[in-house]
1. Condition test on Asp69, is it surrounded by 11 or more Cβ atoms within 10 Å (Cβ to Cβ), at pLDDT below 75 and out of contact with any helix residue (DSSP H, G or I) (no Cβ under 6 Å at 6 or more places or on another chain)?
2. Anything in region 1-60 that is assigned to a loop (DSSP other than H, G, I, E, B) and among the β-branched types (Val, Ile, Thr)? List them, or say none.
3. Counting just the residues of region 19-46 that are touching a residue at least 24 places away in the same chain (Cβ under 8 Å) and in contact with a helix residue (DSSP H, G or I) (Cβ under 6 Å, 6 or more places away or on another chain), which one comes out surrounded by the most Cβ atoms within 10 Å (Cβ to Cβ)?
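The values are calculated or read from the model by the stated rules, or taken from the named source; none is laboratory data. It should be emphasised that the depicted structure is a prediction, and the values quoted were computed from it without experimental measurement. Here the Cβ is made from the backbone with ideal geometry for all residues, glycine too, and neighbour counts use every protein chain on show.
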Amino acid sequence: MRADLRAHARPVTDPDERRKVFTEVIADLNQPSNPGTIAQPAHLADWLRVSRLVEVAHSAAGAKIDQLDRRQRRSGPGGGP
């Protein structure tokens with residue numbers, strides 16, 4: 001299934017909000033088992049200084065389409081409950 005979904009994006013510029021989000025990202029990137037190609041250790045100060053952050057919110061209609069798509073994938077070809 002493919003759908004064009006309405007969404008709203010806003011830049012995250014509040015320093016405390018950015019720090020909270022990037023702290024979690026950096027903790028994940030610095031895990032020993034991280035298969036990413038980003039050099040370790042990643043440093044929070046670097047990310048806060050140069051990285052953009054945007055929050056994307058999808059409409060409720062988009063969530064309903066996603067739920068329908070998951071149900072169709074579980075039931076296989078031909079649909080079903």
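1. Details: surrounded by 11 or more Cβ atoms within 10 Å (Cβ to Cβ): yes; at pLDDT below 75: yes; out of contact with any helix residue (DSSP H, G or I) (no Cβ under 6 Å at 6 or more places or on another chain): yes.
Considered against the rule, which asks whether it is surrounded by 11 or more Cβ atoms within 10 Å (Cβ to Cβ), at pLDDT below 75 and out of contact with any helix residue (DSSP H, G or I) (no Cβ under 6 Å at 6 or more places or on another chain), Asp69 comes out as yes.
2. Going through region 1-60, the residues assigned to a loop (DSSP other than H, G, I, E, B) turn out to be 1-6, 12-14, 30-43, 51-53, 59.
Listed by number, the residues that qualify are Val12, Thr13, Thr37, Ile38.
3. Phe22
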